[in-house]
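Notes for the one structure printed next.
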Amino acid sequence: MIGASLGAAAYERAPEISRILAGVGPVEDTRRARLSAKADAILTLNGIGISFGGVTALSDVDLEVKSGEIRAVIGPNGAGKSSLINIISGLYHADHGTITIDGQPFARVPANHLARLGVARTFQNLALFGGLSVRDNIASGRVHTRHASFVEHIAGLPRARREDAMIAEKTDQIVAFLHLESVADRLVATLPYGLQKRVELARALVAEPKLLLLDEPMAGMTATEKAEMAGFVRAARDRHGVTIILIEHDIGVVMGLSDRVAVLDYGRKIADGTPAQVRADPAVIQAYLGTAEGEDSEGI
Amino acid sequence: MAVQALDTARLPVDWAKLVQKLALPTALFVVAYGVVPAYASGYLVEAILLPFLALSLAAVGLNLLTGYCGQLSLGSSAFMAVGAFGAYNFNLRVEGLPLAVTMILAGISAAGFGVVFGLPSLRLRGFYLAVSTLAAQFFVQWALTKFGWFSNDNPSGVVSAPHLAVAGLSLDSATGRYLLSVTTVILITVLVSRLVNSATGRNFIAVRDNETAARVIGVPVLKTKLLAFALSSFIIGVAGVLWAFTYLRTVEPAGFNLDRSFQILFIIIIGGLASIRGAFLGAAFIVVFPLFLSRLGAFVFGGLFDSGVLDMSQRIVLGALIIIFLIAEPNGLSALFDRLKRRIGSRSS
């Protein structure tokens, strides 16, 4: 009920918001301008390979992500998309290759320090804290900025209170940005699925990351919810200049949303380029779309 | 009721809220420090209130670890033992140590011990962790029995609790021990309730609900788990001091066996996980229930209901109740209490 009504309202407003936030001109122009101005790579993957018990999930994958772009990674089930995100966020350790985040090279990304490296992520299956309210879930996204000890928290000393106030302010901004005001004080476990996905995006955004990894943020959503979420993702990039890596099944959404698309199949990268280039690539059509050539590819 | 409602309605909003917020704590305070010391019988204090307070505190401690931070522990009674024997030895070996300092040092001993046995939690989860905390249980009982030093080479291994006094004021009477207990419990409970509502408490819950997500957003998972073990063991250690010094009046390893660990775990399951109020409701239930059962049994079956039958029926009924709670009300008495309150509230309005 709440999800539906809230969703519809937000859907109406999201594209408009992105336009306002991006400045006066049309969205397309500012996006291009920003891309050409800051063309340096925020993330580079070099020869990434990983296998699980003899099964190769990824082999020799290179990926370059420019600052400020929305970079999609698509591919059929089992192509290695989630493994790729888990390697970037340090949950898996690659057998081969290096990951360079904002100029710092890693063989293994330290997951514990991911937030401090300026990387935030969402999970394919919801990974919220069910026992906390929506607001507390979102606020937890800034936990890496806290320094006060538990004694300071119990005693309510100035540093603890200052941190609480600062985080509450950021949380309120994100709550307003993603239209979560009406549910902010509810336990997150009581929300409908689509809204929970949005809370997870909020928890990632509140950290003000440089790089945001979205692992199927629209999986299991209705068409309306998907469009609405796409609006939020775009608005997040336009407003904060956050670079986004997007893993998604729905090709229609990906093509409309992303600047560049990489295609994985059986753990290898088979194509990389603008949505138009990828869409026309015979290897992609062969591997991903199968016989769907010429048909409307939306919804695969 | 109606008059009170009218009165609060006339007050400005802030005042009404303040009155509402302070009503229950004030009432509890008056009962704890006024009504009980003045009117409670020796039996009520010795047989019900003292064990209730010590077990409540232990349950608050375990709830911090298991309810809030999600780390299952079967070693509570070992931590109580460390606290009790720690306090006994600090008191024995350091001349003129104030009682409060003794209790804090005992708690710190238990906390250190808890951190050591919490280290496996960095690798193990759920039942596997529970099994490793069992090791604490067996190790402590073995060590306390094996090395006479802990009980001052007393041949029976049972030592009487020392004389209790604060600032020269003797607390050896039932009322004195009650006041010591209730003050300790209130103080620690207030601190814990502040903790669980702070960012640290939310870190506990984050680790419990989704450890991977917690790690990725920057919750220091290892530190958080060890902190939960340390704070929980500290509180359970102090509860052990209360159990031995104010309730049993003796310190012996056999009093801190595995049964006690399970009892404390049952208290938080029945009372409600991740609820401070649940720890008290559960402890009240566990303490009062056997007494109630024995009275009921004696009333219905007369002489047939001896202590053997009581013990057995107590286990059976308690076991059944735990199963019922796990299925019907996983959030325990605390949630039941809330629902009742809501129903009464909706009826009166």
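Just so you know, all these numbers are worked out from the coordinates, no wet-lab data involved. Please read these numbers as outputs of a predicted model, since none were measured by experiment. Glycine also receives a Cβ, built like all others from the backbone with ideal geometry; neighbour counts cover every protein chain displayed.
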Chain B, Gaussian network, Cα under 10 Å: of B:Thr184, B:Thr66, B:Thr26, the residue fluctuating most is B:Thr26
Among region A:254-288, those whose backbone N falls under 20 Å of a label point 7 Å along Cα→Cβ from A:Ala223 are A:254-258
Comparing B:Met103, B:Met312, B:Met80 in a Gaussian network model of chain B (Cα, 10 Å), the one with the largest mean-square fluctuation is B:Met312
Taking the alpha-carbon centre of each part, the distance from region B:233-280 to region B:123-192 in Å is 9
Relative contact order in percent for chain B (Cα pairs under 8 Å, 6+ apart) equals 28
Footprinting proxy, A:Asp185, B:Asp338: sorted fewest to most Cβ within 10 Å, the residues are A:Asp185, B:Asp338
Distance in nm between B:Ser170 and B:Ser307 label points, each 7 Å along Cα→Cβ, equals 3.0
Rounded to the nearest 500, the 222 nm mean residue ellipticity computed for chain B from DSSP H runs (n ≥ 4, each -39500 (n - 2.57)) alone is -23500 deg cm²/dmol
Hydrophobic long helices for chain B, i.e. whole DSSP H runs reaching 27 angstrom or more by Cα along the axis with Kyte-Doolittle mean at least -0.5, come out as B:99-118, B:126-146, B:174-196, B:221-242, B:276-301, B:307-328
Taking the alpha-carbon centre of each part, the distance from region B:11-72 to region A:253-269 in Å is 59
Mean-square fluctuation maximum in Gaussian network of chain B, Cα pairs under 10 Å, restricted to B:Ile235, B:Ile327, B:Ile267, hits B:Ile327
Over its alpha-carbon atoms, the protein assembly as shown yields an Rg and a Dmax in Å of 29.8, 93
